[in-house]
1. Could you tell me whether region 63-77 includes any residue that is in a loop (DSSP other than H, G, I, E, B) and more than 30 Å from Ala33 (Cα to Cα)?
2. Among the candidates Asp105, Asp64, Asp118, which residue alone is acidic (Asp, Glu), within 14 Å of the ligand (Cβ to nearest atom) and in contact with a strand residue (DSSP E or B) (Cβ under 8 Å, 6 or more places away or on another chain)?
3. Inside region 29-43, can you point out the residues that are in contact (Cβ under 8 Å) with a residue 60 or more places away in the chain, within 14 Å of the ligand (Cβ to nearest atom) and not polar (S, T, N, Q)?
4. Could you list, in sequence order, all residues of region 12-27 that are more than 10 Å from the ligand (Cβ to nearest atom) and either among the acidic types (Asp, Glu) or in contact with a His (Cβ under 9 Å, 6 or more places away or on another chain) (or both)?
5. Among (1) more than 25 Å from Pro248 (Cα to Cα); (2) open to solvent by less than 60 Å² (accessible area, probe 1.4 Å); (3) modelled with pLDDT of 95 or more; (4) under 18 Å from the mean Cα position of the chain (by Cα), there is one condition Ala209 misses while meeting the rest; what is its number?
6. Residues in region 76-100 that are away from the ligand (no atom under 11 Å from the Cβ) and either within 22 Å of Trp13 (Cα to Cα) or crowded, with 24+ Cβ neighbours inside 10 Å (or both): how many?
7. Which pairs turn up if I take residues in region 1-28 that are closer than 27 Å to Ser222 by Cα and look for partners that are open to solvent by 40 Å² or more (accessible area, probe 1.4 Å) and near the ligand (Cβ under 8 Å from one of its atoms) with beta carbon separation below 7 Å, at least 6 apart in sequence or on another chain?
8. Find all pairs meeting these conditions: Cβ atoms under 7 angstrom apart; at least six residues apart or on different chains; first residue within region 206-234 and charged (D, E, K, R); second residue open to solvent by 80 Å² or more (accessible area, probe 1.4 Å) and not in a loop (DSSP other than H, G, I, E, B).
Amino acid sequence: MSKQHFNTNKTSWNKRVETHFTSKFYDVPGFLAGKSSLNSIELEGLGDVNDKSLLHLQCHFGLDTLSWARLGADATGVDISDAAIKKANELQRQTKLNAQFVCTDVYAYGTQSEQLYDIVYTSYGAICWLPDIKLWAQTVANKLKTGGQFFMAEFHPMIDLLAGYDYFHKPQPDVEQEDTYTENCDGSKHEFAVWTHTMADVISALIDAGLSIEKVNEYDHSPYNCFEGMIEKQPGKFYLEHKNHHVPMVYSIAAKKP
Ligand SMILES: C[S@@+](CC[C@H](N)C(=O)[O-])C[C@H]1O[C@@H](n2cnc3c(N)ncnc32)[C@H](O)[C@@H]1O
């Protein structure tokens, strides 16, 4: 990842943190009152995490990481944004949950730490910030113990296509001025560098990294209302339509390190 794109994304993610932290979208008071930030897709996908070590890549300010810890995991969250990790550490101190946070680039964490985990997890809006999906998959595989589980739930790349982005990956990122997706967004724009990755690229990269794929799912809804034009057809299930048909919104991949 070029230093320039790394710095662009880090700076812009840092600027989003305070807005996100105080948003209804992330609902920090609800989390502190005991609500989980996790959705049925990942809860069912990972199953029992009790007493397992879990690495959460791109954890933002740690709500999912801490929610896994509430379910009994020894959870570690990693994120590039120091503002997000500062908030995550504050939440950990408040809740005293079994979690720790590291401010680092996903790729760098693959080489910085020798610790291996029972579970590696990543979710919703993570891999578009990463230029090299093969190196990412290798990092996932390198951080897993033998027999360890990988689970990801990610926005479907079809959404990018319909929003006017490339479907197929290109090495140069789209560099965009963007505001943010939480309801309290004040419209201020920050620069981000993003890359698209097809499902085939992601699955092939995980296979090439030595993981055995156990399940792939595609969903016609998203648990988050974060794209323009979404309709909540059932509580907590947001849909997009294209020519009167549902757009695939989310996919998930479960894999094991043999
Ligand atoms: C949309 S958020 C992920 C939200 C996630 N679903 C959660 O648990 O809250 C994307 C996160 O990726 C982080 N990020 C972006 N590029 C990164 C990188 N190269 N290494 C580590 N984290 C990165 C950002 O700082 C941001 O917190």
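The values are calculated or read from the model by the stated rules, or taken from the named source; none is laboratory data. Every value quoted in this text rests on a predicted model; they were computed, and no experiment measured them. Every residue, glycine as well, gets a Cβ built from its backbone with ideal geometry; the counts of neighbours run over all protein chains shown. Only protein heavy atoms, including side chains, enter the accessible area calculation; ligands, DNA and RNA are left aside. Shrake-Rupley method; radii C 1.70, N 1.55, O 1.52, S 1.80 Å.
1. No; the residues of region 63-77 include none that is in a loop (DSSP other than H, G, I, E, B) and more than 30 Å from Ala33 (Cα to Cα).
2. Asp64
3. Residues satisfying the conditions are Phe31, Ile41, Glu42.
4. Lys15, Glu18, Asp27
5. With (1) more than 25 Å from Pro248 (Cα to Cα); (2) open to solvent by less than 60 Å² (accessible area, probe 1.4 Å); (3) modelled with pLDDT of 95 or more; (4) under 18 Å from the mean Cα position of the chain (by Cα) applied to Ala209, the lone miss is (4).
6. The number of residues fulfilling the criteria is 8.
7. Short answer, once both residue conditions are applied: His20/Tyr26.
8. Asp208/Lys134; Asp220/His246
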